[in-house]
Amino acid sequence: MSVERSSSRVGRFPSVTLGFENETEKENENPTENNAQKENACSRWWRKVCPCCCPKRNDNNTTDTMITGIGDLDKDDGINENKPVDGNSELDVKSIDLLKSKSGENRTEHHTNLYQSDDLIIRRGQSFQMWITLSRPFNPSTDKLHLELKTGPLPSVSKETHVLIPLVEELEDNRWEAAVVTNKDKKLKLSVNSPPTAVIGRYQLTVETSCANGPATSKHDPANDIYMLFNPWCEDDVVFMDSEDERKEYILNDVGRIYYGTQDQIGVRTWNYGQFDNGILAACLFILEKSGTPPSGWGEPVNVVRIISAMINSPDDHGVLEGNWSGDYSNGTSPTAWSSSVQILKEYYENKGTPVKYGQCWVFAGIFTTVLRCLGIPSRTVTNFNSVHDTDVSLTVDVYLDENLESIDNLNTDSVWNFHVWNDCWMARPDLPPGNGGWQAVDATPQETSQGTYCCGPASLAAVRNGQVYLKHDCPFVFAEVNSDKIYWQRNVNGTFSQIHSEKKIVGHCISTKAVGSDERSDITNLYKYPEGTEEERIAVETACHYGSKSYAYSPPTAEDVSIEVTVDGEGPKMGEDGKLTITLRNSSSQQRTVDLHSQTTVMYYTGVCKATIKTDSADVTVPPNAGKNMPIHFIYKDYKDQLVDHAALMLTLLGRVKETQQVLAKQFSFRLRTPDLIIKPIGKAVVGEKMAVEISFTNPLPQVLKAVIFHVEGLGLVAARKINYGDIGSCASVSLTEHFAPTLPGPRKLLASLECKQLTNVHGVTNITVEENSNAVSGSSLRTGRNRRWGGVNSQRPVYPQYHD
């Protein structure tokens, strides 16, 4: 067919001429024919306005087209296939088949076959196939056809949210085009191509035909809407990732690991991302729509991740999740009870944008990973231990002390969190100097505003590593989180402050994420910073702080011959028991040193905010020359048991002065009390649709009763999120319960469980279950669930039976 490129109708997109060129000349040549066409158009208009007064003519000039699946491609619809094509008869669309089966060519080649949806879900920059059935055979010489896609509330050709896709003889990359693959009888098979810069989202599809008898446009059918995603398999997409193993991990893996605790006691929990679960894609697109941002910007991943970063928290835009660090979660769900993004996203979507209660950093990050992977942006959940919250853009942690070395609380607004969880996402950064593409840090936890909104990133890890904090977005904040120094300031008599001490290796340790292809922990600290103490690392710090608010803090170092460190025995103290830490003072000089040492043990929120002081002490410690001295610090259960909050975090703060040299010593050491795991044991064979069970066991480590215990159980492809109001668990008691369910999906699966109660938090467990296909294809939808439980152990108390409903 003859195709003319034109921008008059479709902006910068190529289009096929629909026979309207040289209209004046044609009118002069054949006025009678034009008059007939005008009459036909009027008749059609009147028929739509008042069909009873203007019935349909026998020559069938117009047809309302219904778009359905192409269930019967081989029917002739009353047309004799052996008759010659009448170019003057109507050319209408009878049906459209988008070949959207999960096992079909489109979904498998676009790597979208895992989405539990019957819609056509495709990735940009890649062609897809479709069938169109017409009212008569298509004649390329006289007939015209093009596709129209619209997305957003106000589709616009110039903003690429209204796309006109012409028929061409051969497809070319990087543009919207369609080519006929098969022209058989009344059926056309098209191959449709999209550019790697296309706007993502939900597109409405219509087909427009044109022949000598006039144009016709198909009706929009929501069942034929097309969902467009980013494409990390496409080399021309800015989110392209060239490692298949990494694509499987950072796009296709729907279960992950999130790390927490302290650098010396790293804990881990399994998290269900569930990006392919039924309804999650719709929820993710709803989040974008609710942001109020124009869809024309949804083709740029930088824009999309900033939008999602802002919309996952709730302070300024009624986003997905409401943060709560108070310890009181009576109006919602405790953050430690969540093990999945699925329930949160579905609840937000079903409640039309009401924030879900409650979350903290790892929950925000888990949801962020779900949304990004669902939309096609490679992402991972990252934990930073000893993570700084810099409040004044100084790029340092500033600790202010008075003349007596007492803390000045109203000035000490910076904090060091035991851990903080955020995300990395993968993309090129054409908006930055070369070398800054790849992993980008993004954060949905609402800490500080960015351009007036609670969001953070994307900040290039390469820029953070090199101290290039002047590059967008939010590099100063991320740099401070992982590589700032802690500066101690003492107030002088005249009210000014002098720097008395600095610590250079206390921030940004053991930065962790799940390893590719396994459940092991991968340490990625080297991606965020050079090795501590190296010349490169110091240059990066000084470069960054040059742009901070306290660049004068860096002066030539002073001589220091006494050092202090804190260690924990073994895996650390356990919940419900007394604990011990060891302080070691080392003297590298040839003379004896005497240290006036002050210690304070406090219960902390994991964010670095102090809740309560449980012990203080002071002593003069003599350290021999060229030697070290150990001092134990003890704390007992009864002192901390009523003060603990989430994660059972504590901090030991040490401040001291060497009497002989006036050297100042300062150290803050975070640690946590270890909590027990839930032990999950599968019972019976796991087969799709057949009933099986798991036994969940737990031992209360505390010498007190756990009140109103709730168990949470869920597993993708195993069982939907289930909440079990268990009751009380006695002091040091062991309990178990049995849960029955019927798996719905085959393959390797993970079952997650967590325990929620006021007295004990952060208790969870996971087990691997391999589900076999059901050769008999028996549905498990009619199986009833049930629970059995038994109690035992020292001083066990049989809990009150709650009411359960199958």
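The values are calculated or read from the model by the stated rules, or taken from the named source; none is laboratory data. Source: prediction; values computed, not measured. Quick reminder, even Gly has a Cβ in these numbers, built from the backbone with ideal geometry, and neighbours come from all protein chains shown. Accessible surface areas use protein heavy atoms only, side chains included; no ligands, DNA or RNA. Shrake-Rupley method; radii C 1.70, N 1.55, O 1.52, S 1.80 Å.
Within segment 152-175, being touching an Asp or Glu at 6+ places or on another chain (Cβ under 9 Å) and open to solvent by less than 20 Å² (accessible area, probe 1.4 Å) holds for V163, L164, I165, P166, L167, V168.
Is it fair to say Y329 is of a type in the set (F, W, Y), at pLDDT 90 or above and touching a strand residue (DSSP E or B) at 6+ places or on another chain (Cβ under 6 Å)? Taking the combined requirement at face value, the residue satisfies it. Any chance segment 149-165 includes a residue that's under 30 Å from S379 (Cβ atoms), of a type outside the set (D, E, K, R) and touching a Gly at 6+ places or on another chain (Cβ under 6 Å)? Yes, some residue in segment 149-165 is under 30 Å from S379 (Cβ atoms), of a type outside the set (D, E, K, R) and touching a Gly at 6+ places or on another chain (Cβ under 6 Å). Of the residues making up segment 283-290, at least one is at pLDDT 95 or above, more than 22 Å from H111 (Cα to Cα) and open to solvent by 50 Å² or more (accessible area, probe 1.4 Å). For segment 340-354, a tally of residues being under 10 Å from A283 (Cα atoms), open to solvent by 60 Å² or more (accessible area, probe 1.4 Å) and either in contact with a helix residue (DSSP H, G or I) (Cβ under 6 Å, 6 or more places away or on another chain) or of a type in the set (S, T, N, Q) (or both) returns 1. Summed over segment 640-677, residues that are open to solvent by 60 Å² or more (accessible area, probe 1.4 Å) and closer than 19 Å to V397 by Cβ total 1. Within segment 256-277, can you find the residues that are of a type in the set (G, A, S) and touching a Leu at 6+ places or on another chain (Cβ under 7 Å)? G274 - this is the single residue of segment 256-277 that is of a type in the set (G, A, S) and touching a Leu at 6+ places or on another chain (Cβ under 7 Å). If you check E160, E170 for being at positive phi and not small (G, A, S), only one passes: E160.
A single entry from Y552, Y530, Y547 fulfils the requirement of being modelled with pLDDT under 85, of a type in the set (F, W, Y) and under 33 Å from the mean Cα position of the chain (by Cα): Y547. Give segment 176-189 a look and list any residue that's in a strand (DSSP E or B), surrounded by fewer than 20 Cβ atoms within 10 Å (Cβ to Cβ) and in contact (Cβ under 8 Å) with a residue 12 or more places away in the chain, or say none. A179, V180, V181, N183, K187, K189, listed by residue number. Criterion applied to V516, V493, V469 was being open to solvent by 40 Å² or more (accessible area, probe 1.4 Å), under 20 Å from N384 (Cβ atoms) and either touching a Leu at 6+ places or on another chain (Cβ under 7 Å) or part of a loop (DSSP other than H, G, I, E, B) (or both), and the one residue passing it is V516. Residues of segment 696-706 that are open to solvent by 30 Å² or more (accessible area, probe 1.4 Å) and either of a type in the set (D, E) or farther than 30 Å from E773 by Cα (or both): T699, P701, P703, Q704, V705.
Just so you know, in segment 746-761 the residues that are in a loop (DSSP other than H, G, I, E, B) and out of contact with any Ser or Thr (no Cβ under 7 Å at 6 or more places or on another chain) include one that is most open to solvent (accessible area, probe 1.4 Å), and it is K758. Among the residues making up segment 444-491, those that are more than 20 Å from the chain's Cα centre (by Cα) and polar (S, T, N, Q) are Q451, N466, Q468, N483, S484, Q490. Examine segment 616-630 for a residue that is at positive phi, in the same structural domain as H764 (by the TED database) and at pLDDT 85 or above, and state whether such a residue exists. Among the residues of segment 616-630, not one is at positive phi, in the same structural domain as H764 (by the TED database) and at pLDDT 85 or above, which makes the answer no.
Of the residues in segment 272-295, at least one is among the hydrophobic types (A, V, I, L, M, F, W, C) and in contact with a Lys or Arg (Cβ under 7 Å, 6 or more places away or on another chain). Every condition in (1) closer than 25 Å to K248 by Cβ; (2) at pLDDT below 95 is met by V382 except one, and the failing one is (2). Just one residue in the set I500, I511, I506 is open to solvent by 20 Å² or more (accessible area, probe 1.4 Å), in contact with a Leu (Cβ under 9 Å, 6 or more places away or on another chain) and in contact (Cβ under 8 Å) with a residue 60 or more places away in the chain; that residue is I500. Residues considered: V382, V393. Of these, the only one that is in a strand (DSSP E or B) and closer than 19 Å to V507 by Cβ is V382.
When D221, D245, D225, D254 are checked against the criterion of being open to solvent by less than 10 Å² (accessible area, probe 1.4 Å) and either touching a residue at least 40 places away in the same chain (Cβ under 8 Å) or over 20 Å from V305 (Cα atoms) (or both), D225 stands alone in meeting it.
For segment 351-375, the set of residues classified as free of Cβ contacts under 8 Å to residues at least 60 places away in the same chain and either in a loop (DSSP other than H, G, I, E, B) or within 17 Å of L288 (Cβ to Cβ) (or both) consists of N351, K352, T354, P355, listed by residue number. Entry remark, segment 291-321: residues being farther than 25 Å from R380 by Cβ and part of a helix (DSSP H, G or I) number 2 in total. Kindly list, by first and then second residue, each pair from a residue in segment 114-130 that is within 13 Å of D97 (Cβ to Cβ) to a residue that is open to solvent by 20 Å² or more (accessible area, probe 1.4 Å) and part of a loop (DSSP other than H, G, I, E, B), limited to pairs with Cβ atoms under 6 Å and residues at least 6 apart or on different chains. So the pair list comes out as L120/K100; Q129/L99. Is one or more of the residues making up segment 416-423 open to solvent by 10 Å² or more (accessible area, probe 1.4 Å), more than 26 Å from V320 (Cβ to Cβ), outside any strand (DSSP E or B) and not assigned by the TED database to the domain that holds Q662? No, segment 416-423 contains no residue that is open to solvent by 10 Å² or more (accessible area, probe 1.4 Å), more than 26 Å from V320 (Cβ to Cβ), outside any strand (DSSP E or B) and not assigned by the TED database to the domain that holds Q662. The residue list V199, V207, V192 contains one member that is in a loop (DSSP other than H, G, I, E, B) and buried (at least 18 other Cβ atoms within 10 Å of the Cβ), which is V199.
Provide a single number: the residues in segment 140-151 that are more than 14 Å from V168 (Cα to Cα), open to solvent by 40 Å² or more (accessible area, probe 1.4 Å) and not in a strand (DSSP E or B).
1
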